[in-house]
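The values are calculated or read from the model by the stated rules, or taken from the named source; none is laboratory data. Computed from a predicted model, the values in this text were never measured in an experiment. FYI the Cβ positions are ideal-geometry reconstructions off the backbone, even for glycines, and counts take in every protein chain you see. For the accessible areas, the whole protein counts, side chains as well, though only heavy atoms, and no ligand, DNA or RNA atoms are used. Shrake-Rupley method; radii C 1.70, N 1.55, O 1.52, S 1.80 Å.
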Amino acid sequence: MGTEPEKQDKKTKTRVRMKEQEPAERARNFREVPFGYTPEEAVEEASRCLSCKNPPCREGCPVEVEIPQFIRLIKEGNFLEACYTIKQKNALPAVCGRVCPQENQCEARCIVGKKGDPVAIGNLERFAADYEAEKGEVRIPEKPRATGRKVAIIGSGPGGLTCASDLIMSGHEVTMFEALHKPGGVLVYGIPEFRLPKVIVEREVGYIRKLGVEVVTNAVIGRLFTVDELLNEKGYDACFIATGAGLPMFLGIPGENFNGVYSANEFLTRANLMKAYLFPEYDTPIKRPGRVAVFGAGNVAMDSARVALRLGAEKVYLVYRRSEAEMPARKAEIHHAKEEGVEFVLLTNPVRFLDDGNGNLRAVECIRMELGEPDESGRRRPVPVEGSEFEMEIDVAIPALGAKANPLLLKTLPDLRLNRRGYIIAEEETGMTSKRGVFAGGDIVTGAATVILAMGAGKKVARAINGYLKWKYWDVSGFIEQ
Amino acid sequence: MFEILKKQELSENITLFEIDAKDIAKKAEPGNFIVLRIHEEGERIPLTIADFDRERGTLTTVFQKVGKTTHHLGTLNEGDFISDVIGPLGINSHIENFGKVVCVGGGVGIAPVYPIARALKHAGNHVFSIIGARTKSLLFWEDRMRQVSDELIVTTDDGSCGRKAVVTIPLEELLKEHTDIKLVIAIGPAIMMKFVCKTTEKYNVKTVVSLNSIMIDGTGMCGGCRVEVGGETKFCCVDGPDFDGHKVDFDLLMERQKMYLDEERTAFERYKAALGG
């Protein structure tokens, strides 16, 4: 008798773990790492939810998913309904369940989490979405009455996809333009197969197509058509710029153009979008690395390091100028990278790259850092330790430092106001810009951020576009000085 | 999907395609390029736009068969489809009436020089053109270039057609004779552009080159096409492909072009083996 409550207590304190591939095995293949919950595991985990009356988790979700409601449906074994409930707010549940930083969002606010593990909301979301797809019972909601309005969305990443699905469900005609040959944006070129299988992205994009969104690939807006042409000649009533930031940043140190130095964007694009890990079955090559250094500590850095391992690298270093506590990546990604054998070289900064005399990368010279006073970000500022330079032998280097604003589209929009860093100035709640009928959101407004924040922006913009198409009201004087 | 409307073998290993691409043709300008991908497993490669017909909605590209992708491309015929064509990419060539200009095209580089020479001629320039190749069977578009030039000089390394010389020889003669030449445009192999720039530097004549670095997306997203111009890193796809030749680090460009030599060889061998050749 005495053991019962204790058992009960332990059960509520600890979440059901998703089974995953063993680190040693998975570090050499591109298959997805976690296997996902079985129905039994999902029900067990869902049972930990307290079904709060005023659920704080929902406030932590940028797209306002009805979290306790879908978890209750899972608890009751009503898995398909659970998925449909999520999809009322979120068109990409299988993606979000996998790549959202839940620990800083919904799960961070979970009441259960105050005394133990928060409810694994992300894992449950993933389960519901995968269950629906597996059962093949993807429900296409009834088409709403057509409004006769047309909206152009530039970019088919998470922001564009979310906005497109919301707008099509409002009865507008929606065209989504994608510059690459495949839709999905960062979900396709950036996030690797083992973290987000591409069949899942295809499935989610397929769903949005079935809703009626027209997807036009190979369309580089700014070159093929300008925004003004879309608005004035092609009959679009509004336009949403969701292109992402786009231009990779480099370290700005000598030797950065040696062969073997890749931007994380290039390294990941070759591997993910172009499937260079399957070379020569696929035509795009990628350097089969021996020793690799990745610079940075965000999700993109973790992805690059783990892709390098899977391409057969014997050593992968992750070089970061601060300490582990300051790493911006998701906890799960840091944990996975470590488990798989990525070596963290902390409090270290690269100084210059060295070559073999023929322009091929041979080594990187680094310097040790120590943490000084906090800087404007509130994190302690790393300062170089004089005389601590040392060399690391590497043949591939991957700066993963984020992105700048891509000028390709923006320079064709002289009447669009940009901030000092070249990003579009847009009102946070609506995405309205200085140009009438043009909305913007995601990384091209905020700078490099996350999938879910871009989706949140897509949702807000969809709401604002609905309002604009109804009232044709445009007033941005409150946040853009004339 | 983009249909090949016309195919023409221009020389031993240089092929012309006219592609049905209405929207791209409408916007194409001299100096632009496209990125194409033949099929699902294919790589994305940049190719120059050699001509465009806005009315018919067609795009002309000319390519040299060097590796797997270009050889495969060369096996396609009229009526076949190319999976993806993206463009027009790159900044338009700067066209105005400069006065006297020289257009230099080497090898397959003759193709992209043609629309630039035509535009310069149309803008009122006196256009000298020099086109060169290793040997006669690699030369093409002599007639077309003659139409848009006030004076055309043809060179081959072995003297099988035109003058036995490399392009820099007649170029230097022109620069000596016409001290009022305002601009030289050079498109061809990196090594040719490098020596054209060395030649024109002596005469202090502004020289624009069109760089052909390795690319993937062609829209600024990957940075694989990095070149150094005046000591600064530039992206060939969105900052170029036209650059001030006197500031370009050609040695770096050539080293970077060699990055995947081994892989390119592997892919090509495998392709030939699959053909049973």
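One residue stands out among those in region A:398-416 that are more than 17 Å from A:Ala448 (Cα to Cα) and out of contact with any Ser or Thr (no Cβ under 9 Å at 6 or more places or on another chain): the one that is surrounded by the fewest Cβ atoms within 10 Å (Cβ to Cβ), which is A:Pro414.
Residues in region B:59-118 that are closer than 16 Å to B:Leu183 by Cα, out of contact with any helix residue (DSSP H, G or I) (no Cβ under 7 Å at 6 or more places or on another chain) and among the β-branched types (Val, Ile, Thr): B:Val113, B:Ile116. State which residue is most open to solvent (accessible area, probe 1.4 Å) when the search covers only region A:303-352 and only residues that are over 22 Å from the mean Cα position of the chain (by Cα) and of a type in the set (Phe, Trp, Tyr). It comes out as A:Phe344.
Highlighted here are the strands (runs of 3 or more DSSP E) found entirely within region A:341-440 that include at least 1 residues which are among the charged types (D, E, K, R): A:343-345, A:348-355, A:361-374, A:380-384, A:390-393, A:403-405. The set of residues from region B:44-75 being more than 20 Å from B:Arg144 (Cα to Cα), open to solvent by less than 20 Å² (accessible area, probe 1.4 Å) and either in a helix (DSSP H, G or I) or more than 14 Å from chain A (Cβ to nearest Cβ) (or both) comprises B:Thr69, B:Thr70, B:Leu73, B:Gly74. On inspection, A:Val300 passes the criterion of being outside any loop (DSSP other than H, G, I, E, B), out of contact with any Cys (no Cβ under 6 Å at 6 or more places or on another chain), farther than 20 Å from A:Val385 by Cα and open to solvent by 40 Å² or more (accessible area, probe 1.4 Å). In region A:246-267, what count of residues is obtained for those that are within 7 Å of another protein chain (Cβ to nearest Cβ) and small (Gly, Ala, Ser)? Residues flagged as within 7 Å of another protein chain (Cβ to nearest Cβ) and small (Gly, Ala, Ser) within region A:246-267 amount to 2.
Among residues of region B:26-38 that are within 20 Å of B:Ile187 (Cα to Cα), those with a Cβ under 9 angstrom from a residue that is of a type in the set (Asp, Glu), sequence gap 6+ or separate chain, pair up as B:Ala28/B:Asp51; B:Gly31/B:Asp242; B:Val35/B:Asp84; B:Val35/B:Asp217. Against the test of being facing chain A (nearest Cβ under 8 Å), among the aromatic types (Phe, Trp, Tyr) and under 19 Å from B:Gly90 (Cα atoms), the options B:Phe235, B:Phe243 yield a single qualifying residue, B:Phe235. In region A:50-98, counting only helices (runs of 4 or more DSSP H) that sit wholly within it, the ones holding 3 or more residues that are closer than 17 Å to A:Gly136 by Cα and open to solvent by less than 50 Å² (accessible area, probe 1.4 Å) span A:79-87. Exactly one residue out of B:Ile24, B:Ile34 is outside any loop (DSSP other than H, G, I, E, B) and closer than 28 Å to B:Ser137 by Cβ: that is B:Ile34. If the condition is being crowded, with 24+ Cβ neighbours inside 10 Å, touching a strand residue (DSSP E or B) at 6+ places or on another chain (Cβ under 8 Å) and within 14 Å of another protein chain (Cβ to nearest Cβ), then region A:277-294 contributes only A:Pro289.
Scanning region A:18-48 for residues that are surrounded by 13 or more Cβ atoms within 10 Å (Cβ to Cβ) and touching a strand residue (DSSP E or B) at 6+ places or on another chain (Cβ under 9 Å) gives A:Met18, A:Glu20, A:Gln21, A:Arg26, A:Glu32, A:Val33, A:Pro34. Looking across region B:123-147, the residues that are open to solvent by 10 Å² or more (accessible area, probe 1.4 Å), more than 16 Å from B:Gly109 (Cα to Cα) and not polar (S, T, N, Q) come down to B:Ala123, B:Gly124, B:His126. The selection criterion, being more than 10 Å from every other protein chain (Cβ to nearest Cβ), modelled with pLDDT under 95 and open to solvent by 10 Å² or more (accessible area, probe 1.4 Å), does not hold for A:Lys234. Inclusion of B:Glu41 among residues that are within 14 Å of B:Tyr114 (Cα to Cα), open to solvent by 10 Å² or more (accessible area, probe 1.4 Å) and assigned to a loop (DSSP other than H, G, I, E, B) is not warranted.
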